[in-house]
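See below for the structure under consideration.
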Amino acid sequence: MSTPLEHYALLSDQRTAALVARDGSIDWLCFPRFDSSAVFTAILGTREDGRWLLAPPEGELVSRDYVDDTFVLESHWSTPTGTLTVTDFLPIDEDPAAPTADLVRTVTCTSGSVEVTHDLRLRFDYGAATPWLQTLEVDGRTEIHAVAGPDSLALRGPALEQVNGSCRGHFAMEEGEEHTWVLSWSPSYLPDAAPRPETLTPVATIAYWRAWAARIDARGPYADQVRRSLLVLRALTERLTGGIVAAPTTSLPEEFGGSRNWDYRYVWLRDSALTIEALLSHGFVTGAHAWRTWLLRAMAGDPRDLRIMYGLDGSRHLPEHELTHLDGYEDSRPVRIGNGAADQYQADVVGEVMVALDLARDAGLEETEFSWGLQKALLDYAWDRFDDKDHGIWEMRGEPAYFTHGRAMMWAAFDRGVRAVERHGLDGDVEAWRERRDLLREEILTRGWNDDIGAFTQTYGSTEVDASLLQLAHIGFVAYDDPRMLSTVARIEDDLLDAHGFLHRYRTASGLDGLAGDEYPFLICSFWLVEQYARTGRVDEARRMMDALVATESDLGLLAEEYDPRAGRLAGNFPQAFSHLGLVRAADALDRRSESAFEAADS
């Protein structure tokens with residue numbers, strides 16, 4: 001069995017991320033960026049695909065936790081002869097010109113005497129390339145250098161021994177002794193640059209995370225979960241570009257052993273816009289500004305040639321292909337990098353972006369000539385594609401259709417354009433936008449509603465429902481307590497709630513998504529239902545469902561995309577921005593301090 005996802009800790013320097021298992025093995029790390037190729041890929045294969053195990057050969061993990069509101073991990077071990085603490089972190093170097101990226105692992109013997117072992121297997125290009133290894137003496141220190149293609153890694157610290165393409169070590173330590181190893185990435189075609197001394201201790205990194213977290217205002221019974229979720233959203237934000245990845249991993253399956261395995265290490269306009277909403281709800285306007293700046297760069301040129309996702313640096317082409325040498329997590333194949341959905345038209349995307357920027361405007365983020373010009377161009381794009389079918393929020397790989405949620409988000413886009421003119425005095429073709437908004441509203445109420453089932457439908461003319469319909473109230477298309485919304489919620493409960501009380505996105509058996517296999521309940525969908533319950537007086541039900549959802553978190557407060565209630569395991573890419581922003585919104589709805597930022601449209 002693959003290591004359960006809930007056994008992994010996340011390390012982040014806001015450029016990349018590592019996953020550390022409870023047994024002390026780092027099984028996933030892309031250097032130097034979230035979307036770079038991985039140097040540790042054991043999570044998608046075997047230890048031969050790259051990992052770094054650092055642990056006592058005979059010992060028990062007693063506890064592990066982050067240092068306060070950070071991603072500096074402390075793992076406390078007990079052995080027959082003593083105790084030790086392993087501290088793992090990705091140091092944050094705020095110098096944007098720094099050419100390197102580092103991973104630091106420190107072992108401290110806290111009592112008695114202990115032994116620790118290393119099994120370091122460096123494998124570049126997602127495990128496909130075993131690098132050329134050299135042991136060098138540099139300034140009186142022994143270093144191991146690994147090179148393959150454009151990438152170079154240098155390991156500094158007490159010497160390890162090369163054994164059959166791996167690096168092994170065994171160290172005896174006495175109370176008070178401390179050893180530190182630093183793995184540093186740099187381009188292979190540049191001189192190797194040693195990390196700055198201040199990055200080798202966690203002091204600056206802890207201070208960085210604490211300073212950001214000090215601004216979090218989280219109250220109520222789920223305050224701790226909200227704090228950690230907001231920190232996860234920050235951890236998934238690339239600090240140099242402002243891009244926000246959907247998750248730091250690829251191909252963690254939506255069904256164990258299945259083929260629904262996708263690369264989430266990119267910036268979805270939808271996911272990042274919803275992340276900005278969650279951050280804005282807790283006062284983080286600066287993050288919205290950085291994201292808007294990223295958006296302006298990514299869409300520079302002709303904004304009418306909009307993509308639904310981009311690379312972290314705004315790159316547009318993310319071709320999808322399969323890594324056939326990897327077995328996949330829980331034998332789930334294929335393992336994919338790149339994402340073919342980048343080429344899809346998804347009608348909801350402009351609406352999500354416009355809603356987020358509307359909230360940012362209300363929160364005090366001033367418009368510039370370029371930022372408002374971008375939004376007008378987005379409305380032009382929506383206008384041009386007004387009659388086009390799309391692939392929907394869930395990126396169906398079947399035939400395009402008119403998805404009710406997508407049409408409602410298009411309504412929201414024109415609605416926020418009208419608001420910008422009427423409330424903020426910005427310029428724009430408000431009459432045309434108002435007319436298009438009203439046409440959409442009439443269309444949705446006519447074609448997106450099915451009298452026979454008494455609900456809004458997944459697509460026009462169908463009898464299927466979809467969890468995304470829970471967003472109709474969130475954007476103000478209808479009120480939360482509108483009879484049509486309540487009737488739709490009842491149908492969603494009947495069709496999509498499983499026996500364990502978790503909500504699916506839609507019925508995969510309908511065949512609309514064009515994919516084989518099934519999937520587990522999506523956590524954000526259940527969080528949306530909690531929000532709906534809380535805003536319509538079903539508070540007890542909301543709290544019960546919220547408690548069940550919070551119980552799926554890892555011991556470190558991390559959530560994946562999905563949850564398998566039968567196995568009691570997290571599934572899908574991990575940790576997932578969608579799930580964490582959903583938690584924040586649900587907790588805010590239950591907190592009752594947070595009133596909806598949206599006004600329901602007239603019935």
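For the reader, a short list of remarks on this structure follows.
- Only one of the numbered conditions (1) open to solvent by less than 10 Å² (accessible area, probe 1.4 Å); (2) closer than 27 Å to ASP327 by Cβ; (3) among the aliphatic types (A, V, I, L, M); (4) touching a helix residue (DSSP H, G or I) at 6+ places or on another chain (Cβ under 9 Å) is not met by MET1, and that is (1).
- Residue list for the stretch 562-596, filter: in a loop (DSSP other than H, G, I, E, B) and over 21 Å from ARG505 (Cβ atoms): ARG592, ARG593, SER594, GLU595, SER596
- Of residues in the stretch 193-215 being at pLDDT below 80 and in a loop (DSSP other than H, G, I, E, B), the one most open to solvent (accessible area, probe 1.4 Å): ARG196
- Test result for GLU137, charged (D, E, K, R), out of contact with any helix residue (DSSP H, G or I) (no Cβ under 6 Å at 6 or more places or on another chain) and surrounded by fewer than 21 Cβ atoms within 10 Å (Cβ to Cβ): yes
- Meets criteria (of a type in the set (A, V, I, L, M, F, W, C), under 30 Å from VAL267 (Cβ atoms), in contact (Cβ under 8 Å) with a residue 24 or more places away in the chain and open to solvent by less than 10 Å² (accessible area, probe 1.4 Å)) for PHE578: no
- Pairs with Cβ under 7 Å, 6+ apart, first in the stretch 139-161 and more than 22 Å from ALA128 (Cα to Cα), second among the β-branched types (Val, Ile, Thr): THR142/THR135; ARG156/VAL182; GLY157/THR180; GLY157/VAL182; ALA159/THR142; LEU160/ILE144
- Restricting attention to the stretch 497-530, the residues that are open to solvent by less than 40 Å² (accessible area, probe 1.4 Å), over 20 Å from PHE256 (Cα atoms) and of a type in the set (A, V, I, L, M) total 2.
- Set GLU435, GLU399, GLU442, GLU422: member being closer than 30 Å to GLU562 by Cα and of a type outside the set (A, V, I, L, M): GLU399
- Scope the stretch 353-365; condition open to solvent by less than 10 Å² (accessible area, probe 1.4 Å) and acidic (Asp, Glu); matching residues: ASP358
- Test for LEU559: is it of a type outside the set (D, E, K, R), buried (at least 24 other Cβ atoms within 10 Å of the Cβ) and either over 24 Å from the mean Cα position of the chain (by Cα) or not in a loop (DSSP other than H, G, I, E, B) (or both): no
- Residues (closer than 14 Å to GLN375 by Cα and surrounded by 14 or more Cβ atoms within 10 Å (Cβ to Cβ)) located in the stretch 422-440: LEU426, GLY428, ASP429, VAL430, TRP433
- Among the residues examined, GLY392 qualifies as outside any helix (DSSP H, G or I), closer than 24 Å to SER510 by Cα, open to solvent by less than 10 Å² (accessible area, probe 1.4 Å) and modelled with pLDDT of 95 or more.
- Contact map, the stretch 421-435: residues that are among the polar types (S, T, N, Q) paired with residues that are modelled with pLDDT of 95 or more, Cβ distance under 8 Å, separation 6+ or inter-chain. No pairs are found.
- Count of residues meeting criterion [in contact with a helix residue (DSSP H, G or I) (Cβ under 8 Å, 6 or more places away or on another chain) and farther than 19 Å from ILE244 by Cα] in the stretch 320-345: 8
- Within the stretch 314-340, the residues that satisfy the criterion of being part of a loop (DSSP other than H, G, I, E, B), open to solvent by less than 40 Å² (accessible area, probe 1.4 Å) and not small (Gly, Ala, Ser) are LEU318, LEU323, LEU326, PRO334, VAL335, ASN339.
- Members of the stretch 1-50 found to be part of a loop (DSSP other than H, G, I, E, B), over 18 Å from the mean Cα position of the chain (by Cα) and either closer than 18 Å to ALA148 by Cβ or among the charged types (D, E, K, R) (or both), listed by number: ARG22, ASP23, THR41, GLY45, GLY50
- Any chance GLY398 is out of contact with any helix residue (DSSP H, G or I) (no Cβ under 9 Å at 6 or more places or on another chain), assigned to a loop (DSSP other than H, G, I, E, B) and open to solvent by less than 30 Å² (accessible area, probe 1.4 Å): yes
- Restricted to strands (runs of 3 or more DSSP E) entirely inside the stretch 51-128, those with at least 2 residues that are open to solvent by less than 10 Å² (accessible area, probe 1.4 Å) and touching a residue at least 40 places away in the same chain (Cβ under 8 Å) are 51-55, 82-89, 101-121.
- Scanning the stretch 542-556 for residues that are assigned to a loop (DSSP other than H, G, I, E, B), buried (at least 17 other Cβ atoms within 10 Å of the Cβ) and either of a type outside the set (D, E, K, R) or without any contact (Cβ under 8 Å) to a residue 12 or more places away in the chain (or both) turns up THR552, SER554, LEU556.
- Residue check, SER251 modelled with pLDDT under 95, small (Gly, Ala, Ser) and open to solvent by less than 10 Å² (accessible area, probe 1.4 Å): no
- Conditions (1) at pLDDT below 95; (2) touching a helix residue (DSSP H, G or I) at 6+ places or on another chain (Cβ under 6 Å); (3) charged (D, E, K, R): number failed by GLU58: (2)
- Unmet requirement for TRP185, which otherwise passes all of (1) part of a loop (DSSP other than H, G, I, E, B); (2) among the hydrophobic types (A, V, I, L, M, F, W, C); (3) closer than 22 Å to ASP13 by Cβ: (1)
- Candidates are the residues of the stretch 298-313 that are in a loop (DSSP other than H, G, I, E, B) and among the hydrophobic types (A, V, I, L, M, F, W, C); the one that is surrounded by the fewest Cβ atoms within 10 Å (Cβ to Cβ) is ALA300.
- THR46 vs. criteria modelled with pLDDT of 95 or more, surrounded by fewer than 18 Cβ atoms within 10 Å (Cβ to Cβ), among the polar types (S, T, N, Q) and under 26 Å from ARG265 (Cα atoms): yes
The values are calculated or read from the model by the stated rules, or taken from the named source; none is laboratory data. Quick caveat, the model's predicted, so the values are computed rather than measured. Backbone-built Cβ (ideal geometry, glycine too); neighbour counts: all protein chains shown. Remember, those area values only see protein heavy atoms, side chains included, never the ligands or the DNA or RNA. Shrake-Rupley method; radii C 1.70, N 1.55, O 1.52, S 1.80 Å.
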